[in-house]
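**Student:** Here you go, one structure.
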Amino acid sequence: MKLILRAGGVLRNGPEKTLVDDYMARAQGLARGTGFLSVEEQGIELKGQNDRSAETRKLLSVVNSSDRLIILDERGKSPTSRDIAKHFTRLRDDGVGACYILIGGADGFDPEIIKDMRPGRITKWSFGSQTWPHKMVRVMAAEQIYRALSILAKTPYHRD
């Protein structure tokens with residue numbers, strides 16, 4: 001299974017890009033050994049999209065009907081790192097081809113588009129009730145992908 005972190009906006013050079021690139025490279029180093037094909041990050045330019053509906057459609061434009069989605073949303077559940085690892089494992093073992101971890105634009109995802117998707121295809125997660133800058137959410141998501149794979153690889157990185 002492919003793990004794809006897909007986010008609205010393109011990170012330019014800076015500390016957030018450095019961190020995302022580092023965590024994604026570390027995760028890619030663990031991917032094959034834990035049964036995942038690849039780990040990647042995609043920054044999608046949302047300028048020119050007139051509203052959150054257009055942004056949502058653009059972010060979902062490459063997603064196939066068999067792919068699974070994890071939408072980062074302040075109203076989602078707050079999984080533990082072990083929960084994230086278990087979720088990835090379940091999807092991998094169920095033969096899912098790709099799992100997209102999605103970060104929307106400034107106004108989030110259009111709920112009308114999301115609600116029309118097949119039940120069970122979307123999971124909503126939150127990194128807490130605080131409001132986080134999008135760049136930081138991308139860093140935290142990249143780190144959690146790496147952490148989940150490090151749990152599955154049984155490295156000493158994660159401590160309970």
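**Student:** How many of the residues making up segment 139-160 are part of a loop (DSSP other than H, G, I, E, B) and not polar (S, T, N, Q)?
**Tutor:** 7
**Student:** Moving to a separate point now. State yes or no: is Met136 part of a loop (DSSP other than H, G, I, E, B) and either surrounded by fewer than 18 Cβ atoms within 10 Å (Cβ to Cβ) or touching a Leu at 6+ places or on another chain (Cβ under 6 Å) (or both)?
**Tutor:** no
**Student:** Something else about it: Could you look through segment 94-123, keep only residues that are among the charged types (D, E, K, R) and without any contact (Cβ under 8 Å) to a residue 12 or more places away in the chain, and pick out the one that is nearest to Arg159 (Cα to Cα)?
**Tutor:** Per the stated criteria, the residue is Asp94.
**Student:** Could you identify the single residue in Ser53, Ser66 that is touching a residue at least 12 places away in the same chain (Cβ under 8 Å), closer than 18 Å to His87 by Cβ and not aliphatic (A, V, I, L, M)?
**Tutor:** Being touching a residue at least 12 places away in the same chain (Cβ under 8 Å), closer than 18 Å to His87 by Cβ and not aliphatic (A, V, I, L, M) holds for just one of Ser53, Ser66, which is Ser66.
**Student:** Turning to a different aspect of this structure: Mind listing whichever residues of segment 1-43 are within 18 Å of Val96 (Cβ to Cβ) and assigned to a loop (DSSP other than H, G, I, E, B)?
**Tutor:** Residues satisfying the conditions are Met1, Gly35, Phe36, Leu37.
**Student:** Quick check on this structure: which one of Glu55, Glu40 is surrounded by 13 or more Cβ atoms within 10 Å (Cβ to Cβ) and over 13 Å from the mean Cα position of the chain (by Cα)?
**Tutor:** That would be Glu55, the only listed residue that is surrounded by 13 or more Cβ atoms within 10 Å (Cβ to Cβ) and over 13 Å from the mean Cα position of the chain (by Cα).
**Student:** What is the number of the single condition among (1) assigned to a loop (DSSP other than H, G, I, E, B); (2) surrounded by 17 or more Cβ atoms within 10 Å (Cβ to Cβ) that Val62 does not meet?
**Tutor:** Val62 satisfies every listed condition except (2).
**Student:** With the requirement that a residue be touching a residue at least 12 places away in the same chain (Cβ under 8 Å), in a loop (DSSP other than H, G, I, E, B) and aromatic (Phe, Trp, Tyr), what does segment 124-133 give you?
**Tutor:** Phe127
Quick note: the coordinates plus some simple rules give every number you see, no bench work behind them. All values reported here derive from a predicted model rather than from experimental measurement. Counting neighbours? That spans all protein chains shown, and the Cβs are built from the backbone with ideal geometry, glycine included.
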